[in-house]
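Q: Attaching a single structure in structure tokens format; questions to follow.
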Amino acid sequence: MDLDDCHNFDDFRILAKKKLPSPIFHYIDGGSDDEITLKRNTNSFNSCDLIPNVLNGVENPDLTTTIFGRKINMPLFLSPTAMQRLYHPDGDKASARAAEKFGTMYSMSTMANTSIEEISNISSGPKLFQLYVHKDKSITDDLVERCKRANFDGLCLTVDTIVAGNRERDHRTGFTTPPKLTFKSLVDFAVKPKWVFDYFTNKKFELSNVKNKTDKGTNITKSVIEYINEQYDPGMNWKDAEYIVKKWNGPFALKGIMSLEDVERAIDIGCTAVMISNHGGRQLDGSLSPFDQIKEISDKFGDKVEIILDGGIRRGTHVIKALAAGAKACSFGKGYLFSLSAGGQKGVEKMLQNMHNEIKRNMKLMGCKNLKELNSSKLAYR
Amino acid sequence: MRLKDCHNFYDFRKLAEKKLPSPIFHYIDGAADDEITYKRNTSAFNDVDLVPNVLRGVENVDLSTTIFGKKIDLPFYCAPTALQRLFHYDGERAVGKAAQKFNTMFGVSALATVSVEEISSMIDTPKMFQFYFHKDRGLNDSCLERAKAAKFDVMALTVDTITGGNRERDLRTGFTSPPKLTLSSLFSFAIKPMWGINYLTKGKFELPHLQDYVKEGTSTNTSIGNYFSTMLDQSMNWKDAEKLCSQWGGHFALKGVMSVEDAKKAVDIGCTGIMVSNHGGRQLDGSRSPFDQLSEIVDAVGDKIDVICEGGFQRGTHMLKALSIGAKACSGGRLYLYALAAAGQAGVERALGQYKAELERDMKLMGCTKISDLSRSNLRFRKNGS
Ligand SMILES: Cc1cc2nc3c(=O)[nH]c(=O)nc-3n(C[C@H](O)[C@H](O)[C@H](O)COP(=O)(O)O)c2cc1C
Ligand SMILES: Cc1cc2nc3c(=O)[nH]c(=O)nc-3n(C[C@H](O)[C@H](O)[C@H](O)COP(=O)(O)O)c2cc1C
């Protein structure tokens, strides 16, 4: 099996599973507790059907939309994800380059293995930086300053990770970063020698954006869970968020809000966007899926703030349903991470190409010439 | 397993799988993306239950209905499907003769492998020609004129294939038409030698309605998705449909209408019927099922034109449910295609006969003797839907 055989999300996932040591695969693939929310995020799209229109003369539908002040060429972009060097030696660089090629947004996690400056040097495409608030406030100020200097277009503050979710697969596989070779995990790594070779022959593994500020960024082998619980500030509140909005003074989103009430407060503190998300089912299991919640939020606040659906997207039709329900754009994590693991930049490009084709094809089958024509009259909830 | 072991849809499907090279089986059996819509097309029937009436004297059941001005003896018919000679060497000849035997409508695809002239000289029962709107206007005119000259009763313009659906099974099997023997597909053809022998000895494979106009007609191998995306005119709009409708001058339908808005427009441009259809789930995955959408459409235009529910039918009771909502007739592809692949004309006759027997039995159990006895009062929806 190689990239040519990857026609959809599941194919990339299978190829990624073949290539990655199992603790790393399960770190990407897993969710919290019983993974009910993880599954519902995608299944919720199936409780709603599309109603197409015909004979509309739709040779060339326009797929562009504008978020964080930048026009993007398709209504789907890359969510921020941690530690991409574990998935492929090119890590964030591969993702950023692929996103630029397709004219869509790349997002960088606070926990990236590539620095803000490195990415800004290789990509002039739309860029979003994802912020975690550390207990040490000077880390936040430093990150915001650097993003400004590096011309990032927007900032998002993740608010659903106040403590780490209970990712039971990681308990079982003993996933740590950087990977620690226990006897048990040794076997998992030994059966993927190519991954091990790439990992050790390429640049040193580090959390590039925070390495000067915390020794946890490099030296100590920590599980992500421990890192989150030790480093992030569980006391973070609306005042802290507002402080960052002001400091950044540009397009800004809260990532990981679900309630109408919180969307309203986000608007109040000056957010220009909200990312409706449960962190891909990795935090609060049993949490509502973004698609199940998106319509209510859009109906109420769609004209006041950019609404982004994050989580569960596997198909072009999922994006179309989210937009018809009122989202301005969608973002995905696992969707591009498996393709990154499967084939680096080429892999991500192939996945983006597939999604672009799917959105375009299905816009034609919907009889829609541009994304604005997608509205709730095209949806029938079961 | 043989024909006499086939008692229902699923048995025919199984036998077809045994007989056909796998790329061809999956071309019939597959659908778009994750095949969610394909599955829903059938499972939608299970969200509604039938409520029978008893003691009604139901010895004789009349299953006839009238669509497009023609009385047919069954409330269902054979939807137009492409490339039938790939499924069985008799192809459209087998399906046409079986439809005639039961006096029901026979739908002939623009991508048929037997010509309209031959079909019309072979059967005198109602016939529908399914039209694809090509970029090449000469080809369009020729199709229309030939179908007219061959005295077809209805023309159906397919409107849900403005671009090819994402049929991933075909991507994996490398399905093209005519079949191209790549190393990977060779194996699947080699283990079905009878199919191969028949394909090579029972007459050349042709697309008679296209071949004078395009090389895709016969000589080159092309995938169906590719044909849709490159040959059909994606700018097709309501004006074009209206023009075709008047150019045809007889009973005219749009095949693949799903929205109420479009159903009303179809009435406005002079259509006498529509097929509520998502092309058997082969185009837009995530699209609503015809049965789920049927009542809204019937309410809007059912008194003005013939509303046909198309896709997902695997049982007589499925048809009863659609007819109860107000469909004038039901139409299906796979309900006869597996039978065609399994055993040619005898297979299709056996399948049509079984649906007929099921319908007769179920009508009696419902306490109904004619199609017009069926109404929504026979139905209860499980969820809070209509
Ligand atoms: C392996 C992995 C790492 C992630 N790391 C981060 C992160 O560092 N910061 C963050 O805000 N979200 C992170 N996320 C969550 C994603 O941004 C996004 O919300 C989620 O993946 C969306 O769900 P999806 O995977 O179903 O598309 C991560 C997700 C995955 C799968
Ligand atoms: C193998 C196959 C070929 C088809 N070819 C055509 C075609 O050439 N033109 C067309 O309008 N519809 C075509 N269809 C769609 C059918 O007319 C019909 O809409 C569909 O089969 C209904 O779904 P069902 O198979 O569940 O009954 C095809 C369907 C199948 C399964």
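Quick note: the coordinates plus some simple rules give every number you see, no bench work behind them. Keep in mind that what you see is a predicted model, and the values were worked out from it rather than measured. Neighbour counts run over all protein chains shown; Cβ positions are idealised from the backbone, glycine included.
Q: Express in whole angstrom the spacing between the alpha-carbon centres of the stretch B:301-327 and the stretch B:138-213.
A: 28 Å
Q: Only counting other Cβ atoms within 10 Å, I'd like B:D285, B:D240 sorted with the fewest neighbours first.
A: Listing B:D285, B:D240 from fewest to most nearby Cβ atoms yields B:D240, B:D285.
Q: Additional query: By average Cβ neighbour count within 10 Å, what is the ranking of B:113-122, B:13-22 from highest down?
A: Put in order of decreasing packing, that is B:13-22, B:113-122.
Q: Output wanted: per-residue J couplings in Hz (rounded whole) for the stretch B:259-269, from phi through Karplus 6.51 cos²θ - 1.76 cosθ + 1.60, θ = phi - 60°, x for Gly and Pro.
A: Once rounded to whole Hz, the list reads 9, 4, 3, 5, 4, 5, 4, 4, 4, 4, 8.
Q: Now for a different question. Other chains' Cβ within 10 Å of A:249-260 residues: what's the mean?
A: Partner-chain Cβ atoms within 10 Å, mean over residues of A:249-260: 0.
Q: With the contact rule set at Cα under 8 Å and sequence spacing of 6 or more, what percent relative contact order holds for the stretch B:3-381?
A: Normalised by residue count, the contact order of the stretch B:3-381 is 29 percent.
Q: Another question, if that's okay. Calculate the spin-label point distance for B:Y10 paired with B:D240, positioning each point 7 Å from the Cα along the beta-carbon direction, and give it in nanometres.
A: About 4.2 nm separates the two model spin labels.
Q: To the nearest 0.05, what FRET efficiency results for A:M1 and A:F197 with a Förster distance of 22 Å applied to their C-beta separation?
A: 0.65
Q: Taking θ = phi - 60°, what integer Hz values does the Karplus form 6.51 cos²θ - 1.76 cosθ + 1.60 yield along the stretch A:308-315, in sequence order, with x for Gly and Pro?
A: Coupling constants for the stretch A:308-315: 10, 8, 10, x, x, 5, 10, 9 Hz.
Q: Moving to a separate point now. Given the Cα-Cα distance of A:K135 and A:V163 and 0.36 nm per residue of separation, how much length would full extension add, in nm?
A: Gain on extension, A:K135 to A:V163, equals 8.8 nm.
Q: To continue, here is another question. Quick one: if you stick a label point 7 Å off each Cα along the C-beta vector at B:L171 and B:R2, how many nm between them?
A: It works out to 4.2 nm between the two label points.
Q: Distance between Cα centroids, the stretch B:340-386 to the stretch A:291-364: provide it in whole Å.
A: Taking the Cα centre of the stretch A:291-364 as reference, the centre of the stretch B:340-386 is 41 Å away.
Q: B:D268 to B:K180: extension gain in nm, 0.36 nm per residue of separation minus the Cα-Cα distance?
A: Stretched fully, the B:D268-B:K180 segment lengthens by 27.2 nm.
Q: Indicate, rounded to the nearest 5 percent, the antiparallel portion of the DSSP beta bridges found entirely in the protein assembly as shown.
A: Counting DSSP beta bridges with both partners in the protein assembly as shown, the antiparallel share is about 25 percent.
Q: What's the FRET efficiency of B:T230 with A:S124 using the Cβ-Cβ distance as r and R₀ = 22 Å, to the nearest 0.05?
A: 0.05
Q: Please list, in order along the stretch A:263-271, the HN-Hα scalar couplings obtained from phi with the Karplus expression 6.51 cos²θ - 1.76 cosθ + 1.60 (θ = phi - 60°), rounded to whole Hz, x for Gly and Pro.
A: Whole-Hz 3J(HN,Hα) from phi for the stretch A:263-271: 5, 4, 5, 4, 4, 4, 7, x, 5.
Q: So, one more: So who's got an amide H within less than 5 Å of the one on A:I67, skipping anything under 5 residues away but keeping other chains? H placed 1.01 Å off N, in plane.
A: When sequence neighbours closer than 5 places are left aside, the close amide H contacts are A:I72.
Q: Percent antiparallel among DSSP beta bridges with both residues in the stretch A:3-381, to the nearest 5?
A: Here the share of antiparallel DSSP bridges comes out near 25 percent.
Q: Compute the distance in nm between two label points, each set 7 Å from the Cα along the Cα-to-Cβ direction, one at A:V187 and one at B:S372.
A: Label at A:V187, label at B:S372, 7.5 nm between them.
Q: Next up: Just flag the trypsin sites (Lys or Arg not before Pro) in the stretch B:99-193 sitting in loop per DSSP whose Cβ has no more than 16 other Cβ atoms within 10 Å.
A: In loop regions of the stretch B:99-193 (DSSP not H, G, I, E or B), the sparsely surrounded trypsin sites (Lys or Arg not before Pro) are B:K135, B:K151, B:K180.
Q: If you look for lysine pairs in the stretch B:9-129 that are eight or more places apart or on different chains, how many of them have Cα atoms under 20 Å apart?
A: Taking the stretch B:9-129 as the scope, the lysine pair count is 9.
Q: Can you give the FRET efficiency for B:K39 and A:K346, using 1/(1 + (r/R0)^6), R0 = 35 Å, r = Cβ-Cβ distance, to the nearest 0.05?
A: With a Förster radius of 35 Å, E is 0.60.
Q: Residues with amide H under 5 Å of B:G273's amide H, sequence separation 5 or more or different chain, H placed in the peptide plane at 1.01 Å from N; which?
A: B:F252, B:L254, B:D306
Q: Now a separate question. Rounded to the nearest 500 deg cm²/dmol, what is the calculated helix-only ellipticity per residue at 222 nm for chain B, with -39500 (n - 2.57) per DSSP H run of length n ≥ 4?
A: -13000 deg cm²/dmol
Q: Which cross-chain or sequence-distant (5 or more) residues have an amide H under 5 Å from the amide H of A:F129, H modelled 1.01 Å from N in plane?
A: Here the answer is A:M108, A:G154, A:L155, A:C156, since their amide H atoms fall under 5 Å of that of A:F129.
Q: If you don't mind, there's one more thing I want to ask. Among the listed pairs A:K321/B:K239; A:K127/A:K364; B:K321/B:K364; A:K295/A:K334, which have their C-alpha atoms separated by more than 18 angstrom in this model?
A: Violating the 18 Å Cα-Cα cut-off are A:K321/B:K239; A:K127/A:K364; A:K295/A:K334.
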